[in-house]
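The values are calculated or read from the model by the stated rules, or taken from the named source; none is laboratory data. In this text the structure is predicted, and so the values were computed from the model without any measurement. Virtual Cβ from ideal backbone geometry, glycine too; neighbours counted across all protein chains shown.
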Amino acid sequence: DARVTQTPRHKVTEMGQEVTMRCQPILGHNTVFWYRQTMMQGLELLAYFRNRAPLDDSGMPKDRFSAEMPDATLATLKIQPSEPRDSAVYFCASGPGQKNTEAFFGQGTRLTVV
Amino acid sequence: SQQGEEDPQALSIQEGENATMNCSYKTSINNLQWYRQNSGRGLVHLILIRSNEREKHSGRLRVTLDTSKKSSSLLITASRAADTASYFCAPSGNTGKLIFGQGTTLQVKP
């Protein structure tokens, strides 16, 4: 049963700490999205990769957020330093197509920064 | 903006009734996708309709697309309590990005 795997599922951390969220895309998928969801802002696209190259990270706060794909089986989203306003659910999604692909979502990482 | 805007924001119906949700967008698209999100879960892809298609069916789902009006609708027929969820549209253009709106929250009462 192929699925996008995100770890950790829940993370509580203190303000100022580094947070790393990991995503394992579905094997063979070459498109990866990172989203953040909050009640106020809804679903925001943070970053978008194709074939491990970042295509668009304009939605990501550059000063504290970074997204990478060290290899085809791992995508990471880091926040350093974390702030309470970063509290949200972070979703990773992967897609099989080169372009205009449907997206398969992971279960999300619920981040709480206190 | 490529973002789709769903309407209504919230919809409450009785089990067995049909539910219709609408999506409007502003840019040209290659396709438009609909997703469902159950509370606390990730989004689930429901259906993709290409820009040269006008209607598509999948089980109890019917999606229409009018590119001249830049709008789409999602019809769920014979709704069930299990259809209670938020529904999102995502117009997709040349960049392949998927940008979601605020969604329509559907409540189906047993």
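Only one of the numbered conditions (1) part of a loop (DSSP other than H, G, I, E, B); (2) in contact with a Gly (Cβ under 7 Å, 6 or more places away or on another chain); (3) at pLDDT 95 or above is violated by B:SER28, and that is (3). Evaluation of B:ILE49 against the conditions (1) more than 14 Å from chain A (Cβ to nearest Cβ); (2) under 11 Å from the mean Cα position of the chain (by Cα); (3) farther than 28 Å from A:ARG110 by Cα; (4) not small (Gly, Ala, Ser) shows that the sole unmet condition is (1).
Considering only residues that are part of a loop (DSSP other than H, G, I, E, B) and closer than 12 Å to A:TYR90 by Cα, which ones fall in segment A:1-24?
The answer is A:PRO8, A:ARG9.
Conditions (1) buried (at least 20 other Cβ atoms within 10 Å of the Cβ); (2) of a type outside the set (Val, Ile, Thr); (3) on the phi < 0 side of the Ramachandran plot, marked per residue:
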| position | (1), (2), (3) |
| --- | --- |
| B:THR20 | no, no, yes |
| B:CYS23 | yes, yes, yes |
| B:HIS57 | no, yes, yes |
| B:THR64 | no, no, yes |
| B:ALA82 | no, yes, yes |
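Looking for something at pLDDT below 95, more than 10 Å from chain B (Cβ to nearest Cβ), surrounded by fewer than 16 Cβ atoms within 10 Å (Cβ to Cβ) and more than 13 Å from the chain's Cα centre (by Cα) - is there at least one such residue anywhere in segment A:9-19? No: segment A:9-19 contains no residue that is at pLDDT below 95, more than 10 Å from chain B (Cβ to nearest Cβ), surrounded by fewer than 16 Cβ atoms within 10 Å (Cβ to Cβ) and more than 13 Å from the chain's Cα centre (by Cα).
From the list B:GLU55, B:GLU5, which residue is touching a residue at least 40 places away in the same chain (Cβ under 8 Å) and of a type in the set (Asp, Glu)?
None of the others qualify; the one that does is B:GLU5.
Taken over segment B:68-80, the criterion of being more than 15 Å from the chain's Cα centre (by Cα) and either surrounded by fewer than 11 Cβ atoms within 10 Å (Cβ to Cβ) or not small (Gly, Ala, Ser) (or both) is satisfied by B:SER68, B:LYS69, B:ARG80.
Can you confirm whether A:THR38 is in contact with a strand residue (DSSP E or B) (Cβ under 6 Å, 6 or more places away or on another chain), of a type in the set (Ser, Thr, Tyr), within 12 Å of chain B (Cβ to nearest Cβ) and surrounded by fewer than 16 Cβ atoms within 10 Å (Cβ to Cβ)? Lay out the reasoning, then the answer.
Details: in contact with a strand residue (DSSP E or B) (Cβ under 6 Å, 6 or more places away or on another chain): yes; of a type in the set (Ser, Thr, Tyr): yes; within 12 Å of chain B (Cβ to nearest Cβ): yes; surrounded by fewer than 16 Cβ atoms within 10 Å (Cβ to Cβ): yes.
So A:THR38 fits the description; yes.
Scanning segment B:66-103 for residues that are away from chain A (no Cβ under 14 Å), in a strand (DSSP E or B) and of a type in the set (A, V, I, L, M) yields B:LEU74, B:LEU75, B:ILE76. Among the numbered conditions (1) more than 14 Å from the chain's Cα centre (by Cα); (2) at pLDDT below 95, the only one that A:PRO54 does not meet is (1).
Anything in segment B:57-74 that is more than 26 Å from A:GLY42 (Cα to Cα) and in contact with a Ser or Thr (Cβ under 8 Å, 6 or more places away or on another chain)? List them, or say none. Even if it seems obvious, please write down each step before you answer.
Pass one, segment B:57-74, residues more than 26 Å from A:GLY42 (Cα to Cα): B:57-60, B:68.
Residue satisfying the conditions is B:ARG60 alone.
Is it the case, given these coordinates, that A:GLU68 is surrounded by fewer than 17 Cβ atoms within 10 Å (Cβ to Cβ) and without any contact (Cβ under 8 Å) to a residue 40 or more places away in the chain?
Numbers: surrounded by fewer than 17 Cβ atoms within 10 Å (Cβ to Cβ): yes; without any contact (Cβ under 8 Å) to a residue 40 or more places away in the chain: yes.
Taking the combined requirement at face value, the residue satisfies it.
Could you list, in sequence order, all residues of segment A:88-111 that are more than 7 Å from chain B (Cβ to nearest Cβ), modelled with pLDDT under 95 and surrounded by fewer than 19 Cβ atoms within 10 Å (Cβ to Cβ)? Once the filter is applied, which keeps residues that are more than 7 Å from chain B (Cβ to nearest Cβ), modelled with pLDDT under 95 and surrounded by fewer than 19 Cβ atoms within 10 Å (Cβ to Cβ), segment A:88-111 yields A:PRO96, A:GLY97, A:GLN98.
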